[in-house]
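Heads up: the structure comes next, in structure tokens.
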Amino acid sequence: MDEHEQGELVRSWLRQNGAAIIGGVAIGLVGILGWQWWQGSQMQHKYDAAATYQAFEQASQNGDNAAMEQLAGELGGRFSKTPYATLALLELADTKLTAGDLEGARDAYATAAGASPDPALVSLVQLRLARLELAAGKAEEALTHLAKIPAGDYAGLVAELRGDALVALGRSAEAGNAYQEALTSLETGAPNRFIVEMKMADMGLAPSEPEA
């Protein structure tokens, strides 16, 4: 084909397919702009969550319990899927425990467990809940919370607390096994290792020697 014929062929092809090309370009541009907007929105959300948590920490330092409550509620609502929500609720629960408000602390821990996207933080919350229940004289509830923690998470602390709960329930043989499990999981220089050994000694038990 000569140049004129080639030009006519191109113009004919464009007349037939021009609308599809323009539509495809438009869809592509909308997708790119939408993705950029979504990324910007996510970044802004994270920034707002961090700023709210910083305000919460300032309220904590100032001893402003009302502001802490309000900001923790906001973090648990608008920013429930960020680690900031769980961290704030954990600190709020500790503050309530110090004030003797066991129910308030229990509610804050429960909210934190449902809000956290981080499995390790959820395990920490369950551990704190177990301690609270045991301190309140509810050993069975403490064991229930400990059972929700995946194997390997805070292994030494979980085993020790399980032993404490079993002692409270009068299940001495199981408690001894739990304390031995705690010693197996704890490092030699761990601060609470000596405490676990003392608990076993009070029960008339001696730690088993590790296998060679």
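Quick note: the coordinates plus some simple rules give every number you see, no bench work behind them. None of these values were measured; they are calculated from a predicted model. Heads up, the Cβs are rebuilt from the backbone with ideal geometry, glycines too, and the neighbour counts pull from every protein chain shown.
Listing for the model above:
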{"item": "Using distinct alpha-carbon pairs, which all enter the 1/r mean, Kirkwood radius of the stretch 162-212 in Å", "result": "11.0 Å"}
{"item": "Counting all C-alpha pairs of the stretch 46-117, share separated by more than 14 Å (%)", "result": "51 percent"}
{"item": "Pair residue 99, residue 70: separation of 7 Å Cα→Cβ label points (nm)", "result": "1.4 nm"}
{"item": "Candidate lysines for bridging to residue 46, where Cα separation is under 20 Å - those fewer than 8 sequence places away on the same chain excluded", "result": "81"}
{"item": "Spin-label pair residue 62/residue 46, simplified geometry with 7 Å Cα→Cβ offset, distance in nm", "result": "2.8 nm"}
{"item": "Whole-number D in µm²/s for the stretch 93-212 (Stokes-Einstein; Kirkwood sum over Cα pairs; 37 °C, 0.692 mPa s)", "result": "220 µm²/s"}
{"item": "Between the stretch 65-80 and the stretch 128-177, the Cα center-to-center distance that results, in Å", "result": "30 Å"}
{"item": "Highest average packing first - 48-54, 122-128, Cβ atoms within 10 Å", "result": "122-128, 48-54"}
{"item": "Sequence-distant lysines (8 or more away, or on other chains) whose Cα lies within less than 22 Å of residue 96", "result": "138"}
{"item": "Counted charge near residue 186, where neighbours are those whose Cβ lies closer than 11 Å (Asp, Glu -1; Lys, Arg +1)", "result": "-3"}
